[in-house]
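Asks: Take a look at this one; I'll ask things after.
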Amino acid sequence: WSFTTLPVAPPAAPILISPADLSTGIALTPILSWNASATATSYQVQVSTASSFATTVFDQSGIAATSALVTPALLNNTVYFWRVNASNAGGAGSFSAALSFTTLPVATPAAPILISPADLSTGIALSPTISWNASATATSYRAQVSTVSNFATTVFDQSGIAGTSALVTPALLNNTVYFWRVNASNAGGA
């Protein structure tokens with residue numbers, strides 16, 4: 001006589017921990033974590049922009065730990081869905097319920113460094129070209145020139161500048177003190 005024991009059953013779906021469902025401001029290379037599933041020997045993690053997981057931006061199997069670092073970096077200000085399943089000698093179990101999170105919005109760029117004309121310079125042309133250093137992640141700039149330091153009024157205010165300089169027009173007045181400033185913008189704001 002002989003007998004055979006029950007086959008190994010696939011493990012139950014893990015319970016997802018972090019990031020919590022509907023989280024916002026999540027890093028672009030997040031660490032996803034979940035609770036261990038009894039009898040599991042490895043896990044598979046999927047991340048998708050579609051709740052159906054028809055396509056994935058991250059799909060990694062054979063994970064021995066209960067966490068995974070998502071790389072390459074995800075996109076800013078995007079909703080992602082994630083799920084995990086567990087496997088053992090009996091096969092792969094069902095995927096967990098999917099959770100969603102939203103990545104960090106695009107950070108606003110740093111203020112540009114002004115180059116020319118230098119602070120407190122004199123003898124500047126009446127239609128000067130002002131210039132500044134590029135700000136990382138900037139897609140455009142806004143330049144302002146004013147006769148008052150608080151910029152309550154401006155004599156030149158141009159936005160949407162693609163480069164790092166602007167010709168100030170119309171012509172400025174002779175022997176007058178002017179103040180100038182520039183800010184940088186991108187999809188995250190100014």
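The values are calculated or read from the model by the stated rules, or taken from the named source; none is laboratory data. Since the model is a prediction, treat every value here as computed from it, not as a measurement. So basically every Cβ, Gly included, is an ideal-geometry build from the backbone, and we count neighbours across all protein chains shown. Just the protein is used for accessible areas: all its heavy atoms, side chains included, with ligands, DNA and RNA removed. Shrake-Rupley method; radii C 1.70, N 1.55, O 1.52, S 1.80 Å.
Asks: Have a look at Ala86, Ala73 and point out the one that is over 30 Å from Thr164 (Cα atoms), among the small types (Gly, Ala, Ser) and either surrounded by fewer than 13 Cβ atoms within 10 Å (Cβ to Cβ) or modelled with pLDDT of 95 or more (or both).
Replies: Ala86
Asks: State whether one or more residues within the stretch 79-89 are without any contact (Cβ under 8 Å) to a residue 40 or more places away in the chain and among the β-branched types (Val, Ile, Thr).
Replies: yes
Asks: Further question on the same structure: With in contact (Cβ under 8 Å) with a residue 40 or more places away in the chain and open to solvent by 70 Å² or more (accessible area, probe 1.4 Å) as the only criterion, which of Thr55, Thr24 stands out?
Replies: Thr24
Asks: Next question, about the same structure. What number of residues within the stretch 111-130 are in contact with a strand residue (DSSP E or B) (Cβ under 7 Å, 6 or more places away or on another chain) and open to solvent by 30 Å² or more (accessible area, probe 1.4 Å)?
Replies: So the answer is 7.
Asks: Of these, Thr164, Thr176, Thr139, which one is within 30 Å of Leu75 (Cβ to Cβ), open to solvent by less than 60 Å² (accessible area, probe 1.4 Å) and not basic (Lys, Arg)?
Replies: On inspection, the qualifying residue turns out to be Thr164.
Asks: Tell me which strands (runs of 3 or more DSSP E) are completely within the stretch 50-151 and hold 1 or more residues being over 30 Å from Ser37 (Cβ atoms) and β-branched (Val, Ile, Thr), or say none if there are none. Walk me through how you get there before you give the answer.
Replies: On the way: elements: 58-63, 67-69, 79-88, 99-103, 114-116, 129-132, 140-146.
The strands (runs of 3 or more DSSP E) meeting that bar are 114-116, 129-132, 140-146.
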